[in-house]
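Novice: This is the structure, below, for whatever I ask next.
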Amino acid sequence: MAGLINAEKPSNIDDYKNVMVFLEARDGKIKKPGLEMISVGASMAHKVNEMLIGITFGESVGSMVKEAGEYGCDRVIGYESPDLKDFRTLPYATLLSDLILELKPNILLIPATRNGRDLASRIAVRSRTGVTADCTELDIDPNGRILQARRPTYGESTLAEILCKSHRPQMATARPGIFPVPERKKDAKYESEARKAKIKKEFMKKEIVDFKPKTTVDLTSAKYIVSGGLGLGKASGFKLIQELADEIGAYVGASRPTVDLGWIGKDHQVGQTGQSVRPKVYIACGISGKAQHLMGMKLSENIISINTDPDAEINSISDYIINADLYEVLPKLVEAIRKKKSEFEMQSSNKKAEEKPVKENIEEKKEKKPPQ
Amino acid sequence: MGLEIIVMIKQVPDSSEVVIDPVTFTLNRGAARNVINPADENAIEQALLIKDKNPGTNITVITMGPPFAETALLDCMSRGVDRAILVTDRAFAGADTYPTGLTLAATITKIGKFDIIYAGEESTDSSTGHVGPGVAEFLGIEQASYTSNSWAEDGYVFAERQLEDGVETIKMEPPCLITVLTNANMPREATLRKKIDAMKKGIETWTLANIDLQPDWVGLKGSPTVVKSMRTINEKKREGKKFNVDEMDKFVDELVEKGILTFGVD
Ligand SMILES: Cc1cc2nc3c(=O)[nH]c(=O)nc-3n(C[C@H](O)[C@H](O)[C@H](O)COP(=O)(O)OP(=O)(O)OC[C@H]3O[C@@H](n4cnc5c(N)ncnc54)[C@H](O)[C@@H]3O)c2cc1C
Ligand SMILES: Cc1cc2nc3c(=O)[nH]c(=O)nc-3n(C[C@H](O)[C@H](O)[C@H](O)COP(=O)(O)OP(=O)(O)OC[C@H]3O[C@@H](n4cnc5c(N)ncnc54)[C@H](O)[C@@H]3O)c2cc1C
């Protein structure tokens, strides 16, 4: 534990070398946000002729160590123990902090997932250093090997560059869905090491009494999103949204009031207090485009607005505008897409269907709370 | 059985009112009203829900901030919080998350006994979400972050964590720290009676001298990170091309031509 103590400047900053990345995993597989750390970590490490060191924890780590190496880590260290099967703050934070003392990395990257953020600030405090949160741009200045960490703040309106010049390691969490997953190479060369971890009993007191996997996939990595707003007028309007989504392999998004009314689950909410998304295509149906909604989707590559109000705020950030009743537009749009698709299918009959997201039964939506 | 609960709150500029100056690209926070960070309202409500179920519970709310943060604290008391402490000192200015956590942890240590510390999931202005777990680390206690619900039962604290891939239910021994999601609950309104009580009771004001930290451990001096620069994110220019409802075939043709819709080819 840290105790009430200040951040300390190490005297031997030049001893800190290499880029370390924490590869978050579940059930013996590195998760996508973890793999994304490898591409950005490797490019920084190699820019200054250093190594990328991947760290992974699990019940057994053999296959994950191989995965990490083949995806591009120069060195991989895996810690295994039945106690590391699930993410728990204290055992994970302790092992990683001890590794920092042992390996003295110049930079440590952690995915800015919920568990990643849970971990990162504890490690920063224990290592008496700084951490830049939720970065979307990361680079290294070869002069002094300083991490240039940039992060959106104030509702995605400003990009702040944050430095940690005189403390080590320089830590950052990186936003999922921003950095690419590197190519996997079966013939990659890497050093690897699996270590048995011994976890103190006192760190295992926090019990995970239940885990319910979610059937919905998170919107942050979605390529297509069709979103519904109050303009739908009723819960069943989301059926129409789902229909269009199914047609193009999209996920369903929503504005907050539709979630508050119980028309759709909270997992679908886009915006300041929902998810921040940046898909290739965002189709907003009956959404006015209030600031808190725009914050969560304005970085989308292409925005299409379907709205009866020609002056709806969302139109000012839209690439395409269909100024009409969504109940008229959506069936026609779905029909036009079906027609186009069948033309395509005739052209090349053996093309594979696109991966479709897990569907959720919208009508069965009810928030469940455990008994108090 | 009553519990001792501490809630940490931050006063933030109302996010719907913050504007970026189009000429200087600086943030015009002055124009914005100050409000309780939205997630902290949910943290307060969560604490009050526990108090409702566990008579004898005491809730103390703390904030590190400028003197005008008093308003936010009085607001919390008007909703049913028992005690409020404003920790304010020029020395705290410019703190990054490290000294912010340290200052709050030192304040909590001075307060003494506690079972649960509540914080918001993150602030709406700099939104790191790092202060809560940082405080837990300084104090050496367990934590549960990103929770939608939590309750006390048989001497344990339970919390439901909303993760990207599922919902996890945690069982911990107090003392522990819990961060609360925005929308975890519906924050209650202040009542007139409690408002009057709050004005009568008032808040306590502490400074650096009250919490036994050295001046160069806090604020800007105690911060390992610096904000080097800020720039507005250049927004893409959007054409806003219009199609009417009878032109859907034409519209889809254009989307396909431009590679916007691909039907599984990429
Ligand atoms: C602290 C805070 C946090 C918030 N966080 C979020 C958030 O995360 N996400 C979010 O979305 N909101 C958030 N909000 C709420 C936000 O301010 C807006 O109230 C909300 O985004 C509006 O939702 P809407 O566009 O669906 O509804 P409205 O603003 O009511 O818009 C409905 C739109 O539908 C159009 N319409 C009506 N009928 C039709 C029709 N038949 N066909 C086509 N168009 C039609 C109307 O012209 C209108 O533009 C937040 C608010 C606060 C205070
Ligand atoms: C543009 C910008 C970017 C920044 N980025 C970083 C960064 O990447 N890393 C970094 O270390 N610092 C950063 N900072 C500094 C950061 O704003 C301060 O450290 C701030 O005091 C706390 O951070 P937060 O608002 O992100 O809190 P969060 O961790 O998001 O807040 C979570 C919860 O902690 C509690 N809390 C937070 N602050 C207080 C308080 N003052 N009093 C009581 N409770 C509180 C509340 O319950 C709150 O809901 C940045 C500042 C700016 C202006």
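Novice: A:LYS223: which aspartates and glutamates have alpha carbons under 15 Å from its alpha carbon, excluding same-chain residues fewer than 8 sequence positions away?
Specialist: A:ASP246, A:GLU247, A:GLU301, A:GLU354, A:GLU355, B:ASP266
Novice: Sort largest first and round to whole Å: the equivalent ellipsoid semi-axes of region B:152-248, each the square root of five times a Cα gyration tensor eigenvalue.
Specialist: Numbers: eigenvalues 337, 170, 107 Å².
Value: 41, 29, 23 Å, ordered largest first.
Novice: Okay, next question. With a 10 Å radius around each residue's Cβ, average the other Cβ atoms per peptide and rank B:147-157, A:245-255, highest first.
Specialist: Going by the mean number of other Cβ atoms within 10 Å, highest first, we get A:245-255, B:147-157.
Novice: For region A:17-59, what is the relative contact order in percent, using Cα pairs closer than 8 Å and at least 6 residues apart in sequence?
Specialist: Contact order relative to length: 54 percent.
Novice: Per residue of A:143-154, count partner chain C-beta atoms within 10 Å of its C-beta, then hand back the mean as an integer.
Specialist: 3
Novice: Amide H of B:VAL167 versus every other amide H placed in the peptide plane: which residues, excluding those fewer than 5 positions away on the same chain, fall under 5 Å?
Specialist: A:LYS212, A:LYS214
Novice: Check A:PHE87: other-chain or 5+ apart residues with amide H under 5 Å from its amide H, H built from backbone geometry?
Specialist: Sorted by chain and number, the residues that satisfy this come to none at all.
Novice: Could you tell me which of A:ILE199, A:VAL252, A:GLN272 has its Cα farthest along the dipole of region A:185-304 towards the positive end, charges placed at Cβ (Lys, Arg +1; Asp, Glu -1), taken about the Cα centre?
Specialist: Going by the charge dipole, the pick is A:ILE199.
Novice: What's the magnitude of the charge dipole for chain B around its Cα centre, counting Lys and Arg as +1 and Asp and Glu as -1 at the beta-carbon? Answer in Debye, nearest 20.
Specialist: That gives a dipole near 1080 debye.
Novice: Still on this structure, please answer the following. For the ranges A:278-289, A:15-26, what's the packing order if you count other beta-carbon atoms within 10 Å of each residue, average per peptide, and put the highest first?
Specialist: A:278-289, A:15-26
Novice: Another question about this same structure. Is there a simple number for the mean count of other chain Cβ atoms within 10 Å of the Cβ of residues in A:158-168, and what is it? Walk me through the intermediate numbers first.
Specialist: Numbers: counts 9, 6, 6, 6, 7, 6, 6, 4, 2, 4, 1.
Mean shielding by partner chains, rounded to a whole number: 5.
Novice: Related question: If you build the convex hull over the alpha carbons only and average its shadow over all orientations, what do you get for region A:219-367? Give it in nm² to one decimal.
Specialist: With every direction weighted equally, the projected area is 8.6 nm².
Novice: Also: Given the whole protein assembly as supplied and a 1.4 Å probe, what does the accessible area of B:ILE170 come to in Å², nearest 10?
Specialist: 0 Å²
Novice: Considering only the protein assembly as shown, what is the antiparallel percent among its DSSP beta bridges, to the nearest 5?
Specialist: On the way: 42 of 115 bridges.
Among the beta bridges of the protein assembly as shown, antiparallel pairing accounts for roughly 35 percent.
Novice: In chain A, if the dipole is taken from +1 on Lys/Arg beta carbons and -1 on Asp/Glu beta carbons about the Cα centre, which of A:SER305, A:VAL76, A:ASN323 is farthest to the positive end?
Specialist: Sorting the options by dipole projection puts first A:VAL76.
Novice: Can you tell me which lysines have their Cα less than 19 Å from the Cα of A:LYS29? Leave out same-chain residues fewer than eight positions away.
Specialist: Partners within reach: A:LYS66, A:LYS85, A:LYS185, A:LYS186, A:LYS196, A:LYS212, A:LYS214.
Novice: What are the lysines whose alpha-carbon lies under 18 Å from the alpha-carbon of B:LYS113, with same-chain residues fewer than 8 places away excluded?
Specialist: B:LYS51
Novice: May I ask for the distance between the Cα centers of region A:247-283 and region B:169-232, given as a whole number of Å?
Specialist: Going from one Cα centre to the other spans 30 Å.
Novice: Considering amide H positions built from the backbone, and no H for Pro or chain starts, which residues 5 or more places from A:ILE146, or on another chain, come under 5 Å of its amide H?
Specialist: Those qualifying (amide H under 5 Å, at least 5 residues apart or on another chain) are A:ASP141.
Novice: Shifting gears a bit: Convert 4 °C to kelvin, take the viscosity as 1.567 mPa s, use the Kirkwood radius over C-alpha pairs of region A:13-204 as Rh, and evaluate the Stokes-Einstein diffusion coefficient in µm²/s, rounded to a whole number.
Specialist: Approximately 79 µm²/s, per Stokes-Einstein.
Novice: Same structure, new question: In peptide A:301-307, how many Cβ atoms from other protein chains are near each Cβ within 10 Å, on average? Don't jump to the answer; show the numbers that get you there.
Specialist: On the way: counts 2, 7, 3, 5, 2, 2, 0.
Going residue by residue through A:301-307 and averaging, the value is 3.
Novice: Of A:LYS266/A:LYS340; A:LYS290/B:LYS241; B:LYS237/B:LYS258; A:LYS198/B:LYS110; A:LYS32/A:LYS290; A:LYS239/B:LYS236, which ones are farther than 28 Å apart at the Cα?
Specialist: As for pairs spanning more than 28 Å Cα to Cα, those are A:LYS266/A:LYS340; A:LYS198/B:LYS110; A:LYS32/A:LYS290; A:LYS239/B:LYS236.
Novice: Hey, got the dipole for chain A? About the Cα centre, +1 on K and R Cβ, -1 on D and E Cβ, debye to the nearest 20?
Specialist: Details: 58 positive and 52 negative charges, 188 e Å.
Using only the charged Cβ atoms, the result is roughly 900 debye.
Novice: Further question: If you look at just the Cα atoms of chain B, how large are its Rg and its Dmax in Å?
Specialist: Cα only, chain B: 22.5, 72 Å (Rg, Dmax).
Novice: Moving on. Rounded, prolate or oblate: which fits the protein assembly as shown when a ≥ b ≥ c are the square roots of the eigenvalues of the alpha-carbon gyration tensor, with rounded for a/c under 1.5 and prolate only if a/b beats b/c?
Specialist: Since a/c reaches 1.5 but b/c is at least a/b, the shape of the protein assembly as shown is classed as oblate.
Novice: For A:ARG75, what is the net charge nearby, where nearby means another residue's Cβ is under 9 Å from its Cβ and Lys, Arg count +1, Asp, Glu -1?
Specialist: Details: positive: none; negative: A:ASP74, A:GLU191, A:GLU193.
The answer is -3.
Novice: In Å, the Kirkwood hydrodynamic radius of chain A over pairs of distinct alpha carbons?
Specialist: With all distinct Cα pairs of chain A included, I get 22.7 Å.
Novice: Moving on. Find the all-direction average of the projected area of the Cα convex hull for region A:109-182, expressing the result in square nanometres with one decimal place. Provide the component values of the computation, followed by the final result.
Specialist: On the way: hull surface 21.7 nm².
Answer in nm², one decimal: 5.4.
Novice: For the peptides B:38-50, A:131-143, what is the packing order when you average, over each peptide's residues, the other Cβ atoms within 10 Å and list the highest mean first? Mind dumping the intermediate values first?
Specialist: On the way: B:38-50: 24.7, A:131-143: 20.2.
Highest to lowest by the protection proxy: B:38-50, A:131-143.
Novice: Using only the Cα atoms of region B:210-266, construct the convex hull and provide its projected area averaged over every direction, in square nanometres to one decimal.
Specialist: Projected over every direction and averaged, the Cα hull of region B:210-266 covers 10.2 nm².
Novice: Looking at region B:162-225, which GluC sites (Glu not before Pro) are DSSP coil and have at most 11 other C-beta atoms within 10 Å of their C-beta?
Specialist: Answer by residue number: B:GLU189.
Novice: Next question. Considering the dipole of region A:26-97 built from charges on the beta carbon (Lys and Arg +1, Asp and Glu -1) around the Cα centre, which of A:PRO33, A:TYR92, A:GLY62 is farthest to its positive end?
Specialist: A:PRO33
The values are calculated or read from the model by the stated rules, or taken from the named source; none is laboratory data. Source: prediction; values computed, not measured. Backbone-built Cβ (ideal geometry, glycine too); neighbour counts: all protein chains shown. Calculation scope for accessible area: heavy atoms of the full protein, side chains included, ligands and nucleic acids excluded. Shrake-Rupley method; radii C 1.70, N 1.55, O 1.52, S 1.80 Å.
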